[in-house]
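Novice: Quick one: the structure is below, and I'll ask about it shortly.
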Amino acid sequence: MAASILKLTSLRTAIPFKLVVTFSDGTWGTFNAAPMLAERGEGTEALRDRGYFAKVDLVNGKPIWPNYFDISPLWLQEEMDKRGELQRPRPVRRAGQSGGP
């Protein structure tokens with residue numbers, strides 16, 4: 001069986017320069033894009049404007065802006081995990097499972 005490709009299933013912006021995302025593996029969180037935008041680069045220059053940053057769209061499972069700057073979902077998830085911004089779903093307890101020692 002082939003490994004599934006990680007994608008975003010939902011995306012919205014939050015002020016200032018944050019992306020609230022949910023991934024196809026059930027993880028979610030709020031990515032603070034400010035450190036990424038502080039790095040110099042042609043693609044991120046336009047994103048430093050709050051109005052332009054808010055124009056992000058979800059296309060084929062990844063965030064993309066009108067200037068075609070996009071972020072890899074795998075990179076985004078790894079970066080969020082390193083920063084403590086990533087939340088994981090809690091395991092489902094089934095009836096009859098003990099919860100204590």
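The values are calculated or read from the model by the stated rules, or taken from the named source; none is laboratory data. This structure is a prediction, so every number in the text was calculated from the model and none was measured. Cβ coordinates were reconstructed from backbone atoms using ideal geometry, including for glycine residues, and neighbour counts include every protein chain displayed.
Novice: Would you check if E39 is of a type in the set (D, E), surrounded by fewer than 16 Cβ atoms within 10 Å (Cβ to Cβ) and closer than 25 Å to I5 by Cα?
Specialist: Numbers: of a type in the set (D, E): yes; surrounded by fewer than 16 Cβ atoms within 10 Å (Cβ to Cβ): yes; closer than 25 Å to I5 by Cα: no.
In short, no.
Novice: Keeping to the range 8-32, report how many residues are more than 10 Å from the chain's Cα centre (by Cα), within 19 Å of L74 (Cα to Cα) and not charged (D, E, K, R).
Specialist: So the first thing to find is which residues in the range 8-32 are more than 10 Å from the chain's Cα centre (by Cα), and the list is 13-17, 24-26.
From what's left, within 19 Å of L74 (Cα to Cα): 13, 24-26.
From what is left, the residues that are not charged (D, E, K, R) are 13, 24, 26.
Residues meeting the conditions: 3.
Novice: So is T27 touching a Lys or Arg at 6+ places or on another chain (Cβ under 6 Å), farther than 12 Å from W65 by Cα and either at pLDDT below 95 or surrounded by 14 or more Cβ atoms within 10 Å (Cβ to Cβ) (or both) or not?
Specialist: Details: touching a Lys or Arg at 6+ places or on another chain (Cβ under 6 Å): yes; farther than 12 Å from W65 by Cα: yes; either at pLDDT below 95 or surrounded by 14 or more Cβ atoms within 10 Å (Cβ to Cβ) (or both): yes.
When the stated conditions are applied, T27 passes them.
Novice: For the range 65-82, what are the residues that are farther than 21 Å from S4 by Cα and either basic (K, R) or surrounded by 12 or more Cβ atoms within 10 Å (Cβ to Cβ) (or both)?
Specialist: W65, N67, F69, K82
Novice: A further question on this structure: Quick one: T44 ticks every box in (1) at pLDDT 95 or above; (2) crowded, with 16+ Cβ neighbours inside 10 Å bar one, so which box is it?
Specialist: T44 satisfies every listed condition except (1).
Novice: Something else about it: Starting from residues that are without any contact (Cβ under 8 Å) to a residue 24 or more places away in the chain and touching a Phe, Trp or Tyr at 6+ places or on another chain (Cβ under 7 Å), keep the ones in the range 33-46 and report whichever is farthest from E78 (Cα to Cα).
Specialist: Across the range 33-46, the extreme among qualifying residues is A46.
Novice: Assuming D49 fulfils every condition listed in (1) touching a residue at least 12 places away in the same chain (Cβ under 8 Å); (2) more than 14 Å from Q77 (Cβ to Cβ) apart from one, which condition is it?
Specialist: Of (1) touching a residue at least 12 places away in the same chain (Cβ under 8 Å); (2) more than 14 Å from Q77 (Cβ to Cβ), only one is false for D49: (1).
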